[in-house]
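The next block holds one structure in the form of structure tokens; read it before the comments.
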Amino acid sequence: MKITTVRRISQTFFLLLFFWFCFVMTLGERWHQLRGWPVNWFLQLDPLAALGTLVTTGTLFRGMVWAVVTIALTALLGRFFCGWLCPFGTLHQLIGYLAHRKEKTLARAAVNQPHRAQRIKYYILIAMLAGAALHLLPFADSASLQTGLLDPIPLLYRSVNLILLPFADGAGLPVSPLPRFYEGAFLIGAIFLTALFANLWIPRFYCRFVCPLGALFGLISRYSLFRMGQRESAKCTQCHMCEKNCEGACAPGDTIRIHECVLCMNCLHTCRQARMTYSTALSAQGEILSPDLSRRGFLISAAAAGAAIPSMRLSGALAANWNPNLIRPPGALAEADFLSRCIKCGQCMRICPTNIIHPAGLFEAGWEGIWTPILNYRIGTSGCQKNCIACGNICPTAAIRPITIEERLGTGAFAEQGPLKTGMAFVDRGRCLPWAMNLPCIVCQENCPVSPKAIVTDTVYALLHEMEIIEADGNTLELKGKLEPGQAATGDYFCTIRGRGIGKEGESEGETGNGQHGAEEEGGGRIRITANTESRLTLERKWDSSPSPRETAQIRIRLQRPVIAVDRCIGCGICEHECPVRGLRAVRVTAENESRNEEHLLLL
Amino acid sequence: MEKSNFNRRAFILRLLKAGGVIAGAGAAGFLFYDPNGLPRPGQEMAGVYLPDFSLPEQKGKMAVAHGSDREKTLRAALDAIGGMKAFVQKGDRVVLKVNAAFASPAAISATTHPDLVEAAVRVCFEAGAASVIVTDNPINDPASCFSLTGIGPAARSSGAEVMLPREDLFRPVTVPGAKLIRNWPLLYGPFASANKLIGLAPIKDHHRSGASMTMKNWYGLLGGRRNIFHQDIHTTITELAQMATPTLVILDGTVTMMQNGPTGGSFSDLKPTQTMIVSTDPVAADAFGATLLERKLSELPHIGRAEAAGVGTADYHSLSPEILSNIS
């Protein structure tokens, strides 16, 4: 079997494996739904993700240590990852091949010539690593991990998770049983498709000019033991066949650019003189080991990052100007630590069973936080479910810590510190139905999952109408005035007599959070209305002392008005998700009081 | 020169092509001309309604069994009113409407207990049911609700199909004579071919309506922006009780959520009440459930109003239910 056939089998295998990992990344009971599949494996093999987090945090989190294997193999074999494993590279190669397959040999060789712009990817890499290393300078404390923007593995995960799979969700395919939404997914998709379509112009456009991971491999491959090259024993006839399908644009027939060679090995068999070889010997026409990077270019790239990251932070988003709408998943680190770990891969957004984790846009997390996870309680099938810790346990870099249920709920060993809080709910009394419009509702209180509930109620009997009594007879009242028949018969309306008091008005019956019923009935001055015609009320029982004509009857509605129990609210957003005021919700969660940032503490 | 080829024949051909384009455009304009725009929305009152699933000969049946084993109490209570065979016959296609509202574990009792689901499915199949569909439109994430509560695995392991509330399974429903439930999305998919409906509800405190039992359980068949119904919850529950006429309801008071409902969340919200109620009259079942919840009927206006609407009787004593104690 030809070595290129073996390579194609390898590429196909890893591409399918990648898609398989994306496919199984759904919580569920079926055998293929996240049953211990190593769905983060590609991210862990990615030395850029590893190096980035190593620089920002000084550690390699759990599986990130796999990157050592990749680096070791690269030092042995060269850029095997790009040519044999990288699923994004495989897609580029496939599209590039399809787009250019009918062109003449010389035209294809021309498009595969080394290009000055291939240096750009090294400058991108330098800028990203410089940004990540900024905190190592004595006078700067701000480091920011931005490798995930262009690192192909997080980019592909993000694109598949947030663009491709959502097309399959809810379409009867065994992915997510209900359709999913991702805010701002368009931009992610546009970048993904642009990267793919660029292959129509130049094959492996992204790999050659943009990919910072490829650049990192390029820098390592100068040390590689085995490399492509020409042997002395055979002559070159300048036929350019070796360049016809050269994926890396590394000039295999000339002085080979070792750092650009992706080991596609297409030159090996196409050379009619059998001059090409993969060996430990030096290439006959010499080798160029490293990209031609100027000191000036290096400094400019590093300085650009050194200026960009602190400039981004001039917004104050990490200081006093923090965005209250930036609610991170439960277990997320404090913002500065979070930004030094998150690689924007979108794994948490995919695994979230309620679809509330979304890629942040510019206005939510700023330039630095673009595509980092943010909770959106309007989208999705529920708020953040308090018995779920999926996001923290899939996060490859522990930007969201792998918490336990116990820690999340504040039980067992965590009883002292209490439950994790993602934020706190606030009732907008100008929009809330019982507060603003005297309409019963209390959906938020019912759905509050905390026990005792973090939303208590103030029960009031709001006065709606006053009418003079014409005649009182047993449990009926004949009134002067006009009511809509049946209007007061819903069970929520009560009658009182002016001047007699209304019982225990304003008492906060939910104070203990358990909604004790029954106490109010004995209360005295109010009786529930069971039926009404235009001018007659039927009451549940007789008055203790029957009202006399010309006294005034009052029609009141019983309202339970929600009040947040600040010490119990965990910011799960279920109230916000369920609030019947669907536009701007009448109860909304902000990042106040979130556990992860001490300076957001609200309570004494 | 081209000129020499352009003869009369070519000119006529060109004329014909131009005429064809003009005729085509004219025809399209004539066919698609619309002087009105869209009609005013929301005027159509089409849609589906739930058929009457009750069996006339089984009217007013009720039995209550005390015990802690849900399968045993269910079987005992069913046997007391003629066994499941009296309600489900060979070849029947049964829908079990469970309460799977919240993604919380079964032990929290905020949802129908999986043991009860499993027992009910099994009893249906034993009676000869051809298919059993377990369904609900929960409040929390549907897939999580069905799996975390254990209802999904219990239903599937006993041979039933679980139907999650996909958008395309909803149809607009109008309850005849109703004020509120008009042209409202109803989870109709499971009923497309069903001929029996059994409701399985736990007994729970409910801050707005006072209690959540068999009639409130039909709320989970609604879709859309159903939360606005809380503005008039008692009328809504009454209309729901008119909308769904089940073959049978099973009200599980093995454990009752006395406070902090309908979500609960703590064992201290629960009380072991060791009771399984089976009835063909949801009003009677709920009236009995109210005693376990220690609520007066006057605190639960929807029960009285459902009775007044002719759904059933709140005076469950009049059905002389058989009370079976110490089932174990």
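If each residue's Cβ is checked for other Cβ atoms within 10 Å, how do A:M437, B:M258, B:M84, B:M215 rank with the fewest at the top? Before the final figure, lay out each step's value.
Details: A:M437 13, B:M258 21, B:M84 25, B:M215 31.
Exposure proxy ranking, most exposed first: A:M437, B:M258, B:M84, B:M215.
Please work out whether segment B:242-328 counts as rounded, prolate or oblate from its C-alpha gyration tensor, where a ≥ b ≥ c are the square roots of the eigenvalues and a/c under 1.5 means rounded, while otherwise a/b larger than b/c means prolate and anything else oblate?
On the way: a/c = 1.88, a/b = 1.30, b/c = 1.45.
Because a/c hits 1.5 or more and a/b fails to exceed b/c, segment B:242-328 counts as oblate.
Taking the alpha-carbon distance from A:K386 and a cut-off under 21 Å, which lysines remain once sequence neighbours fewer than 8 residues away in the same chain are dropped?
A:K421, A:K453, B:K204
Rounded to the nearest 10 degrees, what's the angle between the helix B:8-32 long axis and the longest principal axis of chain B, both from Cα atoms, 0 to 90?
30
Tell me the relative contact order for segment A:56-197 as a rounded percent, counting alpha carbon contacts under 8 Å between residues six or more apart. It would help to have the intermediate numbers written out before the result.
Details: 82 pairs, mean separation 26.1, N = 142.
Here the relative contact order equals 18 percent.
Which of rounded, prolate or oblate describes segment B:56-324 when judged by the alpha-carbon gyration tensor and an a/c cut-off of 1.5? Write down the numbers at each step before the final one.
Details: a/c = 1.12, a/b = 1.03, b/c = 1.10.
It is rounded, given that a/c, with a ≥ b ≥ c, falls under 1.5.
Pairs of Cα atoms under 8 Å, at least six residues apart: use those to get the relative contact order of chain A, whole percent. Write down the numbers at each step before the final one.
Values: 1271 pairs, mean separation 81.7, N = 604.
Computed over chain A, the figure is 14 percent.
Using DSSP loop states and a limit of at most 12 other Cβ atoms within 10 Å to flag trypsin sites (Lys or Arg not before Pro), what is the longest stretch of chain A containing no flagged site? Can you show the working numbers first?
Details: sites that count: A:K2, A:R30, A:R35, A:R101, A:K102, A:K104, A:K235, A:R272, A:K482, A:R541, A:R550, A:R582.
Answer from the scan: A:273-481.
Per DSSP H run of at least 4 residues, take -39500 (n - 2.57); add these up for chain A, divide by its residues and hand me the 222 nm value, nearest 500 deg cm²/dmol. Working shown, then result.
Numbers: 22 runs with 185 residues, N = 604.
So the calculated ellipticity at 222 nm is -8500 deg cm²/dmol.
Would you please classify the overall shape of chain A from the alpha carbon gyration tensor, given that a ≥ b ≥ c denote the square roots of the eigenvalues, rounded means a/c under 1.5, and beyond that prolate means a/b larger than b/c while oblate covers the rest? Walk me through the intermediate numbers first.
Working: a/c = 3.61, a/b = 2.90, b/c = 1.24.
Because a/c hits 1.5 or more and a/b exceeds b/c, chain A counts as prolate.
Percent relative contact order of chain B, based on C-alpha pairs within less than 8 angstrom and at least six residues apart? Present the calculation step by step, with values, prior to reporting the outcome.
Details: 700 pairs, mean separation 75.0, N = 328.
Result for chain B is 23 percent.
Segment B:34-101: which GluC sites (Glu not before Pro) are DSSP loop and have at most 15 other beta-carbon atoms within 10 angstrom? Provide the component values of the computation, followed by the final result.
Details: sites: B:E44, B:E57, B:E71; in loops: B:E44.
Sparse-neighbourhood loop GluC sites (Glu not before Pro): B:E44.
Computed from the coordinates by the stated procedures, all read-outs in this text should not be read as laboratory data. The shown structure was predicted, so the numbers you read here are calculated from the model rather than taken from an experiment. No Cβ is skipped: glycine too gets one built from the backbone with ideal geometry, and neighbour counts run over all protein chains shown.
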